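K.L.:
Sharing a structure below in structure tokens format, with a few things to ask.
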């Protein structure tokens, strides 16, 4: 069953991982995470494998995230399976970031949530004109995880805060600007690019195939984004957005006001804390506490119900206004889990691209 969901094989000097749930947009299950981790362990010491490639089956995308239908069912009965899944998933995210061989992520099509976790921590991150990258968790009453708060906290100015609170989808150029990807390769060049990796080092193959990405929008929007999202609270961010004369700012305010008020406030706190935590591993440990706490929140179950199960797109958040979410409510998400902390070994030195 697991092997059907993740195809693992070698091609020339590359180890290839293909997520194989195209009808489910290659959504990750716990078993899939374990299969990927086992392949990385095996290839790390295999002298015949010079680089690892991760890609997704089908034409729609690399990975739309974790299997939130399973999380929905599990959260309704205590969430123990989801907590175990996240522990192993976050370990994998950290493993990818420190992998000693080039880890080439083909971020073609939809790459969201957990899909960002298995790609954007890699050393060679490829986007195409079809790429749609996002961390949309606040829309389901959840908070960006899989190292998402680490990545977004490092984005220029307040671009990461904008993406985290709104869940906005970005294309190739904006993903590059935000540090979520490294290189643009046109879709039509992907077969030749991947074939080249079978015999040549990634640096040589990239030189042959990398091109300029099509225009994005965030660079032109950064002035109002930086001003509005630099505020200390979500309420003030919304006030600044509504006061702006830029139409896109007002649209962002409307989007934010439709998200879970609790998730919004916890997300902002998580991002601001992530800037001070240091390496990815420390941020993942924080995210585990937040995710664990979310399992006991009514908003996670309600958000998934509204967006995925019933699809009425009308979640009933608890509480349903920002002002009702207190500092104490937010602080509870960062408290020790009481059921086993996630502890990850970390190297504080910068990660070098292993070429």
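K.L.:
In a helix (DSSP H, G or I), at pLDDT 95 or above and either touching a helix residue (DSSP H, G or I) at 6+ places or on another chain (Cβ under 8 Å) or surrounded by 10 or more Cβ atoms within 10 Å (Cβ to Cβ) (or both), is that true of residue 329? Full working, then the answer.
P.N.:
Numbers: in a helix (DSSP H, G or I): yes; at pLDDT 95 or above: yes; either touching a helix residue (DSSP H, G or I) at 6+ places or on another chain (Cβ under 8 Å) or surrounded by 10 or more Cβ atoms within 10 Å (Cβ to Cβ) (or both): yes.
Here the answer is yes, as residue 329 does meet what is asked.
K.L.:
Please enumerate the residues belonging to region 60-80 that are over 20 Å from the mean Cα position of the chain (by Cα), assigned to a helix (DSSP H, G or I) and surrounded by 15 or more Cβ atoms within 10 Å (Cβ to Cβ).
P.N.:
Kept after step one, since they are over 20 Å from the mean Cα position of the chain (by Cα), are these residues of region 60-80: 73-80.
Now drop any that are not assigned to a helix (DSSP H, G or I), which leaves 73-75, 80.
Once the filter is applied, which keeps residues that are over 20 Å from the mean Cα position of the chain (by Cα), assigned to a helix (DSSP H, G or I) and surrounded by 15 or more Cβ atoms within 10 Å (Cβ to Cβ), region 60-80 yields 73, 74, 75.
K.L.:
Here is a further query. From the set of residues in region 205-224 that are under 23 Å from the mean Cα position of the chain (by Cα) and part of a helix (DSSP H, G or I), which is surrounded by the most Cβ atoms within 10 Å (Cβ to Cβ)?
P.N.:
Across region 205-224, the extreme among qualifying residues is 218.
K.L.:
Among (1) closer than 30 Å to residue 312 by Cβ; (2) touching a helix residue (DSSP H, G or I) at 6+ places or on another chain (Cβ under 6 Å); (3) surrounded by 17 or more Cβ atoms within 10 Å (Cβ to Cβ), where does residue 170 come up short?
P.N.:
That leaves (2) as the condition not met.
K.L.:
Another question about this same structure. Please determine, by comparing only the residues of region 126-139 that are within 24 Å of residue 165 (Cα to Cα) and buried (at least 24 other Cβ atoms within 10 Å of the Cβ), which one is nearest to the chain's Cα centre (by Cα). Give the derivation first.
P.N.:
Just the residues of region 126-139 that are within 24 Å of residue 165 (Cα to Cα), to begin with: 127, 130-139.
Cutting the leftovers down to buried (at least 24 other Cβ atoms within 10 Å of the Cβ) gives us 127, 131, 133-135, 137-138.
Values: 127: 14, 131: 14, 133: 8, 134: 7, 135: 5, 137: 9, 138: 12 Å.
Once the filter is applied, the top-ranked residue is 135.
K.L.:
Conditions: (1) modelled with pLDDT of 95 or more; (2) surrounded by 14 or more Cβ atoms within 10 Å (Cβ to Cβ). Residue 323 meets all but one. Number of the miss?
P.N.:
(2)
K.L.:
Is there a residue in region 225-237 that is in contact with a helix residue (DSSP H, G or I) (Cβ under 8 Å, 6 or more places away or on another chain), outside any helix (DSSP H, G or I), surrounded by 16 or more Cβ atoms within 10 Å (Cβ to Cβ) and without any contact (Cβ under 8 Å) to a residue 24 or more places away in the chain?
P.N.:
yes
K.L.:
Can residue 41 be described as more than 18 Å from residue 114 (Cα to Cα) and without any contact (Cβ under 8 Å) to a residue 12 or more places away in the chain? So that I can check it myself, show each step before the final result.
P.N.:
Details: more than 18 Å from residue 114 (Cα to Cα): yes; without any contact (Cβ under 8 Å) to a residue 12 or more places away in the chain: yes.
Here the answer is yes, as residue 41 does meet what is asked.
K.L.:
Against the condition in contact (Cβ under 8 Å) with a residue 40 or more places away in the chain, touching a helix residue (DSSP H, G or I) at 6+ places or on another chain (Cβ under 8 Å), assigned to a helix (DSSP H, G or I) and closer than 27 Å to residue 23 by Cα, how does residue 149 come out, does it pass?
P.N.:
So residue 149 does not fit the description; no.
K.L.:
When only residues in region 9-39 that are in a strand (DSSP E or B) and in contact with a strand residue (DSSP E or B) (Cβ under 6 Å, 6 or more places away or on another chain) count, which is surrounded by the fewest Cβ atoms within 10 Å (Cβ to Cβ)?
P.N.:
Out of the qualifying residues, it is 9.
K.L.:
Next question. Looking at (1) farther than 12 Å from residue 33 by Cβ; (2) surrounded by 20 or more Cβ atoms within 10 Å (Cβ to Cβ), which is the only condition residue 86 fails?
P.N.:
Result: residue 86 fails condition (1) only.
K.L.:
Could you go through region 45-59 and let me know if any residue there is in a helix (DSSP H, G or I) and either surrounded by fewer than 17 Cβ atoms within 10 Å (Cβ to Cβ) or modelled with pLDDT under 95 (or both).
P.N.:
No, the conditions are met nowhere in region 45-59.
The values are calculated or read from the model by the stated rules, or taken from the named source; none is laboratory data. These numbers come from a predicted model, not from an experiment. Backbone-built Cβ (ideal geometry, glycine too); neighbour counts: all protein chains shown.
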